[in-house]
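Heads up: the structure comes next, in structure tokens.
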Amino acid sequence: MKPISVSILICTHNRGEILARTIDSAGAMTLPPGVALELVVIANACTDRTPEVARERCQALPFPARCVEEPIVGLSAARNRAMREAANDILAFIDDDVLLEPAWLEGLCEVLRTTPAEIIAGRVELWWEAVQEPAWISPPLANLLSRTSHGDQPRELEAATMVVGANYAYSRRVYEKTGEYRTDLGRKGASGMGAGEEGEYVRRAMAAGFKLFCAPKMSLRHWVHPKRVDPAYFRKAAIGLGWTNVAMKERFPLPVALRSLVGHAYLFLRHGLAELASLLRGDQRGRYAHRVKRHIGQGGVAAGFRRVLGRPAIPGG
């Protein structure tokens, strides 16, 4: 059995209370024999007690763990620092508001040992603890909350968009060949508008020949903040996704710009009409699902025009 070494990497910003539970869940995992493990918390531009909380919790873990402070605000900056700090061969990113299932590490090791995967997408279920799941939450909305599942058996995945930033991993070879994350993508501080840094990174890695597989048993639960079941949150997140769709394009010549603008305009109009039809039918679930896609189109059109005018797709990026 080949040896495996894993660095669990958690980027966090001013979220000490929920982070403590995430770290504790890592300590409750089953540790397979022959697997070296460490945990590294990147406290990103924190202004509260989050670094102290992280260090306190890390001391209680049955494997090496530490907290490093990164002063440059932004999730991508924090991810880049995490990769530089990691000591092991597998770099596994999880969010700071998750509960790892006891078999999470076993599920990751199973895929590493039985497939040619060098990029691994874990499973994310939603953790409805702080708020009751609304009846109008549909799969598109659940996906915006990071829910993801690709079946019950490991298999190769064809698209970088099938990776969710809350739970994924890759080998050090990927990092060495792909480099760092783009710092114009990803959230900055408490903002929920940025996104897409992990999808863009995985796309580059797959273009370099690295294979992406899902790991169904590498499972965790992602905490749903009460504010995230407000339609205003989904509007904000969907518009941000539209921005990111455009920002991820490295070049934006006229043919690419036209395709992007037409495609996002079509998305806006098609789902705007479908949203209206759902409203007239009294179908609240369908109404919200179409509204999210309409807002993605809206964000993409706005970002496309910004890029045509020579400005960043993401305001402030």
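Quote to one decimal, in nm, the extra length available between SER5 and LYS177 on full extension: 0.36 nm per residue of separation minus the C-alpha distance between them.
60.0 nm
Can you work out the base-10 log of I(q)/I(0) for the range 220-269 at q = 0.28 1/Å, using the Debye formula on its C-alpha atoms alone?
Log-scaled intensity ratios, in q order: -1.07.
Can you grab the distance from the C-alpha centre of the range 112-184 to the C-alpha centre of the range 61-102, Å, no decimals?
If you average the Cα positions of each part, the centres end up 16 Å apart.
Mind ordering 251-263, 234-246, 138-150, 80-92 by average Cβ neighbours within 10 Å, highest first?
Ranking the peptides 251-263, 234-246, 138-150, 80-92 by packing returns 234-246, 80-92, 138-150, 251-263.
If you fit an axis through the alpha-carbon atoms of helix 284-308 and take the longest principal axis of the Cα set of the chain, what angle between them do you get, 0 to 90°, nearest 10?
Computed tilt is about 90 degrees.
Mean separation of Cα pairs under 8 Å and 6+ residues apart, divided by the residue count of the chain: what relative contact order is that in percent? Kindly include the intermediate steps, with their values, before the conclusion.
Values: 672 pairs, mean separation 59.4, N = 317.
Averaging sequence separation for qualifying contacts and normalising by length gives 19 percent for the chain.
Output needed: percent of Cα pairs per 10 Å distance bin for the range 231-308, bins running from 0 to the one holding the longest distance.
Bin by bin from 0 Å, the calculated values are 23, 46, 23, 8, 1.
So if each residue of separation counts as 0.36 nm, and I subtract the Cα-Cα distance between GLU52 and VAL262, what length gain in nm does that give?
Gain on stretching GLU52 to VAL262: 70.7 nm.
Among the listed pairs LYS2/LYS211; LYS177/LYS236; LYS177/LYS217, which are separated by more than 25 Å between their Cα atoms?
Details: LYS2/LYS211 19 Å; LYS177/LYS236 34 Å; LYS177/LYS217 27 Å.
Beyond 25 Å: LYS177/LYS236; LYS177/LYS217.
Can you give the calculated 222 nm mean residue ellipticity of the chain, where each DSSP H run of n ≥ 4 adds -39,500 (n - 2.57) and the sum is split over every residue, rounded to the nearest 500 deg cm²/dmol? Could you put the intermediate results ahead of the total?
Numbers: 10 runs with 138 residues, N = 317.
One gets -14000 deg cm²/dmol as the mean residue ellipticity at 222 nm.
What ranking, highest mean first, results for peptides 7-19, 55-67 when packing means the other Cβ atoms within 10 Å averaged over each residue? The partial results should precede the final answer.
Numbers: 7-19: 21.8, 55-67: 15.9.
Ranked by mean Cβ neighbours within 10 Å, highest first: 7-19, 55-67.
Give, in nm to one decimal, the length gained when the segment between SER138 and LEU269 is fully stretched (0.36 nm per residue of separation minus the Cα-Cα distance).
Between SER138 and LEU269, full extension yields 45.1 nm more.
Please compute the modelled spin-label separation between ALA208 and GLN153, points set 7 Å along Cα→Cβ, answer in nm with one decimal.
3.1 nm
For helix 231-247, what angle does its Cα long axis make with the longest principal axis of the chain, in degrees from 0 to 90 and rounded to 10?
90 degrees
Would you mind estimating how fast the chain diffuses translationally, via Stokes-Einstein at 37 °C and 0.692 mPa s with the Kirkwood radius over Cα pairs, in µm²/s?
Details: Rh = 20.2 Å.
Answer from the Stokes-Einstein relation: 162 µm²/s.
What is the dipole size for the chain, taken about its Cα centre, with +1 at each Lys and Arg Cβ and -1 at each Asp and Glu Cβ, in debye to the nearest 20?
That gives the chain a dipole magnitude of about 1280 debye.
Per 5 Å bin, what is the whole-percent P(r) computed from every C-alpha pair distance within the range 162-252?
All Cα pairs considered, the percentages come to 2, 11, 19, 22, 19, 16, 7, 3, 0.
With the crude spin-label approximation of a point 7 Å out along Cα→Cβ, what separation in nm comes out for THR161 versus LEU280?
2.9 nm
Quick check on packing: order 264-270, 298-304 by the mean number of other C-beta atoms within 10 Å, highest mean leading. Walk me through the intermediate numbers first.
Values: 264-270: 16.6, 298-304: 23.9.
Answer by packing, highest mean first, reads 298-304, 264-270.
Read-outs throughout are calculated quantities, based only on the coordinates presented, and are distinct from any laboratory measurement. All values derive from a computational prediction rather than experimental measurement. Counting neighbours? That spans all protein chains shown, and the Cβs are built from the backbone with ideal geometry, glycine included.
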